[in-house]
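The structure under discussion appears below in the form of structure tokens.
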Amino acid sequence: MNSLSELLSVAIVLLAVLVFVAGTVALIRLPDVLSRLHAISKIDNLGFGLLVLGLILIQPAWIDGVKLFGIWILVLVSSAATGQLIARHAVREEPR
Amino acid sequence: MMIWSVIDILICALVVALAMAALYAPALRQRVMFFIAFGLVVAITWARLHAPDLALAEAIIGAGLTGAMLLMSLDHTSDMPREPASYGLRIGSAAMGGVLILGLMMIVSSLYPIHDGAPTLAVSQRQVESGVSHPVTAVLLNFRAWDTLLELAVLLSAALGILNLGPARRSCGHAASLTDGLARVLVPLLILSAGYLLWKGAFAPGGAFQAGAVLASAAVVIHLTGWEKLPRVGLRSLRLLLLVGPTLFVAVGLLPLLNGQAFLQYPVELAGLLILLIESAAMVSIAGMLTLVYLGGHPHANWPIELVNPKEPM
Amino acid sequence: MSTILIVVVIVPLLASLTCLMLPRLSDRLSLGTGLVQLITGGLLIQSLASGISHFHELGGWSPGLGIALRADALAGALVLLCAIVSLAATVYARRYFTCVETRYRFWPLWWLLSTAIYALLLSADLFNLYVTLELLGLSAAALCTIGAAKTEALRSALRYLMLGLVGSLLFLAGVSMVYAEYGTLSLMALAGQIAQTPATLVALLLLSSGLLVKCALVPLHFWLPAAHGSAPAPVSAVLSALVVKVAFYLLLRLWFELFSPVMTSLFATLIGGLGAIAVIWGSLRALTAARLKLLAAYSTLSQMGYLFVFIPVLAALPDEETRQLGFGALVLFALSHGIAKAALFLGIGVIQLQVGHDRIDQLAGSAQRFPIAFFAIGLAGVALVGLPPSGAFLAKWSLISNSLLTGQWWWMVVTLTGTLLAAAYFIRVLGAGFVTLGPEAPVKGVGVSLQAPALVLACLATFGLGLGAASLWDVLAMGSAGGQL
Amino acid sequence: MGSSPLLYAVTGALIFGIGLLASLRDEALLARIIAINISGVGVFLMLVSFAYRGFELAPDPIPHALVLTGIVVAVAASGLALALEKRLAELPKSKTHKEDSP
């Protein structure tokens, strides 16, 4: 009953979950701010990207796929900006 | 169908865990972060319980605006004095509270199964007369319009109370080119989606409150980036901004009284148009009020009016 | 479909919006609105006295679906009380706030508070009551910080706001449980259906505790003295006279109309007991209060206690006829306390404005300097203590005779001790005030229009309600006050 | 399948209780505002789960309108409380001697 696209999307979403878990573990274990930042941005662009790709495959209407893709772009833009700000703040904190 | 109850249990466990974390985390800053996460998970809960309007509102207002306000007021709040009450008192109150909460939970579960009351059936029957096809908007702006009007009055009283208190928060915007760029992308998009939400409110989840809150979040982004170049909102236009929503609502409500009908009884064929009119005016006012609620003070020193001389003869 | 209810509720809302839009006109506009409200309140009471009951389905929807406004004799009497007190306070506020800018900031919030009070008195929908309670709490807290608010005023306003939120949350939880069980929010539809089930009992407890926080019954009272004591005079007058009373009105509505099958005599006696504690404890704290406003705030606590002492007496009254009279006495007491307490606060405000402080021990010579204001305070004292010419005397008399009739003699003891204590703390104030200063003291008089409202209210409380009490009783009897009472 | 709304209603009651208890504790204002907001979400959760009619049927729109009103009222009240506290923090710690007449 589940066609090829459903199988594919399940696989991709599972992959995304894997990335989320890996990112969270990294977030907890990594020592300093900058490397943690690296982990979080991985979750955003790779993990979330895979999740969105998986969901796009099973969307009945193509317009929903475009909306999902738009959401991913927005998440990328905001996470890049915030990542940069946190990094600048962290670097300024470091020498003290 | 088993999968859904697993998801339900997960969501409820997550909501309770985040609530406990937001209430009992050691530092204030952590509590605010947990509270914002709590707001987002609650938005997912509303979506799960087939309440998309509330998911929108919770995400924008509950997690977004309230979270932003809490973050901004973190800097002038000293961290909590660490003198916990005596051990016995804490255990006693926790035990007593626990018993009360358990009792409430049992009573709530005894209310099920819930069956539709007369008003719910009446809403679905008379939906067509309300002028909009989305039931929640019909209840909000037609069947229970008096609640919504009073709610605008509540927002107005909070905004007026805040305006009388003191100067607004200084924009801490370090106008780095980065945040400028982000704002340049976000603000037009937010304004566009506010209009979309407003228009969609008549036939799908959306409406004046969510649209107004999105506009207010655009104002929050502008405040954070510290754009000074924007034209200053004059005193008169600030007052007009706050007034246009409630005044239009009351005016449209009073019209039917002229030909003997009840207050807020829109003529059936004009109902859809009138609701759209009220919603657009309300969106503008709600955006203004929520921005003032976020700013926590008046943007102009001599609110509410520029006096030629303070002791102006009456 | 009576439109008078709409006039009562919408005029203050429009006044608030217009005062915000055209601040320069706000002074004259506020006087006009106060007068219009008084006239409308009078018309409402008059039509209620002739047996017409007022009903307005908002939006034209049947009450089950939409929200309805409703006025019976009880609501009509309180609407008139609010109209009288807010007109007097409006005239007073116009002179009290000398700085023009403060007045421009004051009026919009002032009329939003009035809108909340009128909307709450007339509303016949449970969730609508929650929204009006929130509007009441927010605008009252915002008004406490008008003018050059000191840190103490801000802190007590903040505590008042937070407790108001806790109260509203409890009320909302009760509303949600009632909706879950009965599927409707309209008071009229609910009045018939409420049955004796555990869930309804819990809903009643939640609704009542939310409202008890708002009318500061003893265990939940600590926010009231600070809030009423530190707010500007016209605001604390309305807070003590109206806001607290409106929450009590809602309790009456719930206990005697909606949840009457669930109301056990044990619950009523418990409430009466808490009221008795409030009467005694409030008067004792008033005796030792250092400032006039604190004394007035503690006196509000104890006078509200009397209203709760009425509850077990009314619940135990056997036949319908005496119950009607007893209920009339309760309303009379509420009206006379409202007007007298407003007069007291407005009088105190005059002294504080001129002398700069309201410490009782340094009140010497104030009877000389502000004869009208101090006479008004004395007259208000007569009404608050319940001496013969005042309506309160008739109400306390009826309370005492009813408590003896129902064999609950202890309520009589509470009333008498409360009255003696009240007399004591008023004599303390009058004594301090009548000490004359030496001839060379600067006798700087005060404008009459600042002292007039207090005097008019005081006279109304003592003579007006005292002599006019009979007409109040038959209005209440005609309008079948409080429904099944 | 009818069990899931009951689970949400009970969670709502739990959160309402916990939030209310926490809001009565003597803590920094921010913590108490968070507690009151959480307790409010608890009541809203109860209301919305009372409105849920299962997968196929549309839910009852009235509680949704009530909760939307509740959310907006909650943010207005929290905003006023935070602004009051900001003002309190800005005022000089010493008691201002200018009496209360404006």
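The values are calculated or read from the model by the stated rules, or taken from the named source; none is laboratory data. Given the structure is predicted, the values throughout are model-derived calculations rather than measurements. Note that we place each Cβ from the backbone using ideal geometry, even for glycine, and neighbour counts take in every protein chain shown.
Within segment C:70-111, if we keep just the residues that are touching a residue at least 40 places away in the same chain (Cβ under 8 Å) and within 8 Å of chain B (Cβ to nearest Cβ), the residue that is surrounded by the fewest Cβ atoms within 10 Å (Cβ to Cβ) turns out to be C:C99. Of the candidates C:A276, C:A296, the single residue that is under 23 Å from C:F327 (Cα atoms) and in a helix (DSSP H, G or I) is C:A276. Taking the listed residues C:S86, C:S50, the one that is under 26 Å from C:A458 (Cα atoms) and of a type in the set (G, A, S) is C:S86, with no other qualifying. Quick check: is even one residue across segment B:138-151 within 14 Å of chain C (Cβ to nearest Cβ), more than 30 Å from B:E269 (Cα to Cα) and of a type in the set (F, W, Y)? No - not one qualifying residue is present in segment B:138-151. Condition check for B:A138 on (1) at pLDDT below 85; (2) under 24 Å from B:A55 (Cα atoms); (3) among the hydrophobic types (A, V, I, L, M, F, W, C): one failure, at (1).
I need a count of the residues in segment C:187-205 that are at the interface with chain B (Cβ under 8 Å from one of its Cβ atoms) and of a type outside the set (V, I, T). Residues that pass the stated criteria total 3. Being in a helix (DSSP H, G or I), out of contact with any Gly (no Cβ under 6 Å at 6 or more places or on another chain), within 14 Å of another protein chain (Cβ to nearest Cβ) and of a type in the set (S, T, N, Q): is that true of C:T115 here? In short, yes.
The combined condition, being within 29 Å of B:P205 (Cα to Cα) and of a type in the set (D, E, K, R), is not fulfilled by B:R29. Condition check for B:L121 on (1) more than 7 Å from every other protein chain (Cβ to nearest Cβ); (2) in contact with a helix residue (DSSP H, G or I) (Cβ under 9 Å, 6 or more places away or on another chain): one failure, at (2). Within segment D:34-92, restricting attention to residues that are aromatic (F, W, Y) and either more than 7 Å from chain B (Cβ to nearest Cβ) or surrounded by fewer than 24 Cβ atoms within 10 Å (Cβ to Cβ) (or both), the residue that is nearest to B:S5 (Cα to Cα) is D:F55. The residues listed here are C:S47, C:S53, C:S62; of these, the one that is of a type in the set (S, T, N, Q) and either in contact with a Pro (Cβ under 6 Å, 6 or more places away or on another chain) or within 14 Å of chain B (Cβ to nearest Cβ) (or both) is C:S62. Every condition in (1) part of a loop (DSSP other than H, G, I, E, B); (2) modelled with pLDDT of 85 or more; (3) over 23 Å from C:G466 (Cα atoms) is met by C:H357 except one, and the failing one is (2).
Those residues that are in contact with a strand residue (DSSP E or B) (Cβ under 9 Å, 6 or more places away or on another chain) and either under 14 Å from B:T148 (Cβ atoms) or at pLDDT 90 or above (or both), I need them from segment B:253-291; list them, please. B:F263, the sole residue that qualifies. Inclusion of C:G338 among residues that are among the small types (G, A, S) and at pLDDT 90 or above is warranted. Looking at D:V10, is it at pLDDT 95 or above and in contact with a helix residue (DSSP H, G or I) (Cβ under 7 Å, 6 or more places away or on another chain)? Answer is no for this residue.
In segment C:165-183, the condition of being crowded, with 24+ Cβ neighbours inside 10 Å, more than 8 Å from chain B (Cβ to nearest Cβ), aromatic (F, W, Y) and part of a helix (DSSP H, G or I) is met by at least one residue. A single member of A:G65, A:G83 is within 14 Å of chain B (Cβ to nearest Cβ), under 22 Å from B:V185 (Cβ atoms) and under 18 Å from the mean Cα position of the chain (by Cα), and it is A:G83. Residues in segment C:1-18 that are assigned to a helix (DSSP H, G or I) and within 7 Å of chain B (Cβ to nearest Cβ): C:I6, C:I10, C:L13, C:L14, C:L17.
Which of the residues spanning segment C:141-159 are part of a helix (DSSP H, G or I) and within 12 Å of chain B (Cβ to nearest Cβ)?
Correct list: C:A141, C:A142, C:L143, C:C144, C:A153, C:L154, C:A157, C:L158.
Which of the residues spanning segment C:198-217 are of a type in the set (A, V, I, L, M), farther than 25 Å from C:S240 by Cα and surrounded by fewer than 24 Cβ atoms within 10 Å (Cβ to Cβ)? Of everything in segment C:198-217, those that are of a type in the set (A, V, I, L, M), farther than 25 Å from C:S240 by Cα and surrounded by fewer than 24 Cβ atoms within 10 Å (Cβ to Cβ) turn out to be C:A199, C:L201, C:V202, C:L204. Within segment B:60-93, if we keep just the residues that are exposed (fewer than 11 other Cβ atoms within 10 Å of the Cβ) and within 9 Å of another protein chain (Cβ to nearest Cβ), the residue that is modelled with the highest pLDDT turns out to be B:S78. Cβ-Cβ contacts under 9 Å between residues 6 or more apart (or on different chains), taken from a first residue in segment B:153-164 that is at the interface with chain C (Cβ under 7 Å from one of its Cβ atoms) to a second residue that is of a type in the set (K, R), are listed as B:L160/C:R105; B:N164/C:R105.
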